[in-house]
1. Report yes if Leu55 is touching a residue at least 24 places away in the same chain (Cβ under 8 Å), surrounded by fewer than 24 Cβ atoms within 10 Å (Cβ to Cβ) and either among the β-branched types (Val, Ile, Thr) or within 17 Å of Pro266 (Cα to Cα) (or both), otherwise no.
2. Kindly check whether there is at least one residue in the range 87-96 that is within 29 Å of Val271 (Cβ to Cβ), of a type in the set (Gly, Ala, Ser) and part of a helix (DSSP H, G or I).
3. Please pick out the residue among Arg140, Arg108 that is at pLDDT below 95, surrounded by fewer than 21 Cβ atoms within 10 Å (Cβ to Cβ) and of a type in the set (Lys, Arg).
4. Looking at this structure, is Asp150 surrounded by fewer than 18 Cβ atoms within 10 Å (Cβ to Cβ), among the acidic types (Asp, Glu) and in a loop (DSSP other than H, G, I, E, B)?
5. Among the residues of the range 179-193, how many are buried (at least 18 other Cβ atoms within 10 Å of the Cβ), out of contact with any Ser or Thr (no Cβ under 6 Å at 6 or more places or on another chain) and modelled with pLDDT of 95 or more?
6. Picking from Val247, Val229, which residue would you name as being among the aliphatic types (A, V, I, L, M), out of contact with any Gly (no Cβ under 8 Å at 6 or more places or on another chain) and under 15 Å from Ala176 (Cα atoms)?
7. Inside the range 154-174, can you point out the residues that are surrounded by fewer than 23 Cβ atoms within 10 Å (Cβ to Cβ) and assigned to a helix (DSSP H, G or I)?
8. State which residue is surrounded by the fewest Cβ atoms within 10 Å (Cβ to Cβ) when the search covers only the range 111-137 and only residues that are in a helix (DSSP H, G or I) and either basic (Lys, Arg) or at pLDDT 90 or above (or both).
Amino acid sequence: MIVKHTSRQEILKKLRKKKEDRIPIFIASAGSGLVAQLLEKAGVDCINTFAGARLRANGMGTMAMMWPILDSNKQTLDYTREDIMPAIKGDAFVCACLNPNDPLKDMRMVLSQCKEMGAYSASNIGPSISYVDRDSEIYRVLNKSGITLDHEIEMLKLAKEMDMVSIGLAFTMEDARRIVSEAQPDVFCFHCGTTQGGLKGYDSGENIEQAAERIEAANQEMKLLKPDVLLIAHGSALVNPEDFQYVLDHTSCDGIWTGSSTERIPIEKAVLSTAKEFADLRFPNS
């Protein structure tokens, strides 16, 4: 199996051309080769791989990646290399979502392995300290033990130095400001929170109008910090195509990032309904 490779220059040229042509950039997560293959066929620009997506594919919620269920970076590297890369043609580029706070790995080595397998982009999502509420005791304990946003920023800076496309992600305005001003990522995603809907979704109570307001507030600040940054959004009330269309209509986003919306939820619906039809079959005269 020989998969077409790309480069930072080619990726950014494609993304900027889509922005110029007013066509939304489309980033989507994949926890299996089949999903990656289908996403690429549908026309996504970027396939994200990360521990949360792999765990979702195994029936867990995304946040299971926050607990010590195997090595998050090893999961991402292994399934990206063995499941994702051989399944795609290379029309979509691959972004590895990594854990820059890994105390057992030099992130330069991890990024080198990503490039070697053909993943020319990296993000700080898998997992990120931003997932943890800033006013919580566990956040303070993690920071004290060396699990910090600083490491995520340094990895994003290193990715650019290594000629990779950097995709920064944050859940709060405070983290967003630091990531964009200090790491200067090529792409920034404001993450509204765990996606609602389906069997494993979490409903925070936020509606699409509220999510769009938060996204646009972040977008306006990020454009001041880095005018050429590509802006996308993900999570919370952004569930179905209508929700994402609302965001495109009411914010200055250049594109969208789906996870559960094009992976977990469609699989839940399709498999459950189809299997139920088979389960309802009966012998004649019974």
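1. yes
2. Looking only at the range 87-96, we keep the residues that are within 29 Å of Val271 (Cβ to Cβ), and these are 87-96.
Filter once more, so that each one left must be of a type in the set (Gly, Ala, Ser): 87, 90, 92, 96.
Next, only the ones that are part of a helix (DSSP H, G or I) stay: 87.
Yes, that holds for at least one residue.
3. On the way: Arg108 fails: at pLDDT below 95.
Selected residue: Arg140, the only one of Arg140, Arg108 that is at pLDDT below 95, surrounded by fewer than 21 Cβ atoms within 10 Å (Cβ to Cβ) and of a type in the set (Lys, Arg).
4. Against the criterion (surrounded by fewer than 18 Cβ atoms within 10 Å (Cβ to Cβ), among the acidic types (Asp, Glu) and in a loop (DSSP other than H, G, I, E, B)), Asp150 does not qualify.
5. Selection size over the range 179-193: 8.
6. On the way: Val247 fails: under 15 Å from Ala176 (Cα atoms).
Exactly one residue qualifies, and that residue is Val229.
7. Passing the criteria: Glu154, Lys157, Leu158, Lys160, Glu161, Met173, Glu174.
8. For the range 111-137, the residue satisfying everything is Glu137.
The values are calculated or read from the model by the stated rules, or taken from the named source; none is laboratory data. This one's a predicted model, so the numbers in the text were calculated from it and none came from an experiment. So basically every Cβ, Gly included, is an ideal-geometry build from the backbone, and we count neighbours across all protein chains shown.
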